[in-house]
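Worksheet: the structure to be examined is printed underneath.
Laboratory data are not the source of any read-out in this text; all were calculated from the coordinates shown. Model, not experiment: these values are computed from the prediction. Here Cβ is always computed from backbone atoms with ideal geometry, including for glycine, and neighbour counts include all displayed protein chains.
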Amino acid sequence: MTKRALITGITGQDGAYLAEFLLAKGYEVHGIKRRASSFNTERIDHLYQDPHEQDRRLFLHYGDLTDATNLIRILQQVQPDEVYNLGAQSHVQVSFETPEYTANADGIGTLRLLEAIRILGLEQKTRFYQASTSELYGKVAESPQTERTPFHPRSPYGVAKLYAYWITVNYREAYGMYACNGILFNHESPIRGETFVTRKITRALARIHCGLQPCLFLGNLDARRDWGHARDYVEMQWMMLQQPTPEDYVIATGVQHSVRDFVERAAAELGLQLEWRGDGAEEHAVVARAPEGSQAAIGQRVVAIDPRYYRPAEVETLLGDATKAREQLGWVPRTGFDELVSEMMRHDLALAQRDLLVVGAGYRAQGTQD
Ligand code: NDP
Ligand code: GDR
């Protein structure tokens, strides 16, 4: 029997990798996409099948986590074996500006999905994955963080996800549902949203190298994260739903780097050597060495601080201990930090080179707003 999966957030980074992974496993994949005034399916366009094709295995439904009736109707139609709740307003800084919407989509949205499963009597059939996050730890109580580390979220996003975490646990305990939380640490890729710090760095440095942009503005360079590759992490989302009993798992690499490290490593990929000067809000990096052909000039100030990117409350450091996932799910992170940065940098260099051609032909290149 072909298994059927429903993915909320299929148009996002993880949704795209997960859809590809499940299709390769032979699943029929249904995804919820939001109505937008412009195309928002770029990440899954390579998987798209024309509705007139025979033996179609990818289906998209219009919907939103803030619309309960819509979710009930989609679940009733699809009758999924597995639901992956990846949909969310996922940007931490933006959540300070849209706290109520973030709570609605990320927190209550999770409740709506769980209730839809219950209302339709699918509790025994449908397995549920909740995209929980290392942001739950926030102001960390211990390091590294495990499934037993207490939570102290530091943003409206983290607080909304805290509700989603506990309501998932509660439905498991109250109704015997197969529902679990993947507490995933930061994971990135060439299709990471352009305003998350890693992608912002690789895009901007590639553009600086090509002469398309003079400088990259960042906030807290000292923030430390445990960065892995999204492609590796979605496999664990699936794995969590294939176990005999539902449990919650930390997924992380166990290696930590600062934002500054990420900048240096990404610049090195382009052959650029940076030199840091000043401190605090005055800290900046200039080019100390550049390869032939680079448009970045020696001495050019290419990284600077813009306090606009400081957060009202910051998560300074996160480092995961994924021992449980390693022992029970066979988790091994395949992609290390250097390889991750290198893959993202190569991808964004190719995009910048394409933009250079576009600009050379007299057209405007892609936006750089963050
Ligand atoms: P993205 O921001 O790339 O994708 C989020 C997805 O959610 C998009 O498809 C977006 O649609 C959709 N979405 C946003 N709001 C709604 C809504 N109201 N109703 C329905 N769909 C909505 O996130 P990622 O792929 O990086 O992350 C996937 C999930 O994992 C998120 O829940 C995130 O919070 C969580 N997470 C992510 C981590 C990471 O490091 N990437 C780490 C830990 C947890 P659209 O394309 O239209 O905007
Ligand atoms: P995060 O990711 O908040 O960890 O949430 P992000 O890449 O946005 O920030 C990481 C750290 O970098 C610092 N930083 C900046 N961040 C952004 N976006 N832009 C900047 O200019 C900048 N300068 C410094 C931040 O202050 C922060 O400390 C991500 C999201 O995917 C969440 O959905 C997910 O739950 C967590 O990862 C795990």
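Numerical summary
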item	result
Residue list for the stretch 108-136, filter: within 13 Å of ligand 2 (Cβ to nearest atom), part of a helix (DSSP H, G or I) and in contact with a helix residue (DSSP H, G or I) (Cβ under 8 Å, 6 or more places away or on another chain)	E135, L136
Residue in the stretch 39-59 that is within 16 Å of ligand 1 (Cβ to nearest atom), of a type in the set (S, T, Y) and more than 20 Å from the chain's Cα centre (by Cα) present	yes
In the stretch 173-191, the residues that are buried (at least 24 other Cβ atoms within 10 Å of the Cβ) and of a type in the set (D, E, K, R)	E188
Those residues of the stretch 47-98 which are within 16 Å of ligand 2 (Cβ to nearest atom), over 13 Å from A5 (Cα atoms) and in contact with an Asp or Glu (Cβ under 9 Å, 6 or more places away or on another chain), in sequence order	L65, G87, A88, Q89, S90, V92, S95
Residue that is farthest from L329 (Cα to Cα), among those in the stretch 243-255 that are surrounded by 16 or more Cβ atoms within 10 Å (Cβ to Cβ) and away from ligand 1 (no atom under 14 Å from the Cβ)	G254
Hits in the stretch 167-192 (condition: within 16 Å of ligand 2 (Cβ to nearest atom) and more than 28 Å from N40 (Cα to Cα))	T168
Residue check for S294: outside any strand (DSSP E or B), polar (S, T, N, Q) and within 15 Å of C215 (Cα to Cα)	yes
Residue within the stretch 225-242 that is polar (S, T, N, Q), crowded, with 19+ Cβ neighbours inside 10 Å and out of contact with any Cys (no Cβ under 9 Å at 6 or more places or on another chain) present	yes
In the stretch 60-102, the residues that are near ligand 1 (Cβ under 9 Å from one of its atoms), of a type in the set (S, T, Y) and surrounded by fewer than 18 Cβ atoms within 10 Å (Cβ to Cβ)	T66, Y101
Out of A105, A88, sole residue that is touching a residue at least 12 places away in the same chain (Cβ under 8 Å) and in contact with a helix residue (DSSP H, G or I) (Cβ under 6 Å, 6 or more places away or on another chain)	A88
Residues that are aliphatic (A, V, I, L, M) and outside any loop (DSSP other than H, G, I, E, B), drawn from the stretch 137-159	V159
Of all residues in the stretch 1-33 being exposed (fewer than 15 other Cβ atoms within 10 Å of the Cβ) and free of Cβ contacts under 8 Å to residues at least 60 places away in the same chain, the one that is farthest from H91 (Cα to Cα)	M1
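Every residue, every condition in (1) crowded, with 19+ Cβ neighbours inside 10 Å; (2) within 15 Å of ligand 1 (Cβ to nearest atom), yes or no:
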{"residue": "Q295", "(1), (2)": "no, no"}
{"residue": "I298", "(1), (2)": "no, no"}
{"residue": "D306", "(1), (2)": "no, no"}
{"residue": "V315", "(1), (2)": "yes, yes"}
{"residue": "M345", "(1), (2)": "yes, no"}
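Rundown of residues vs (1) small (G, A, S); (2) outside any loop (DSSP other than H, G, I, E, B), yes/no style:
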{"residue": "V303", "(1), (2)": "no, yes"}
{"residue": "R311", "(1), (2)": "no, no"}
{"residue": "V315", "(1), (2)": "no, no"}
{"residue": "E327", "(1), (2)": "no, yes"}
{"residue": "V332", "(1), (2)": "no, no"}
{"residue": "T335", "(1), (2)": "no, no"}
{"residue": "E339", "(1), (2)": "no, yes"}
{"residue": "S342", "(1), (2)": "yes, yes"}
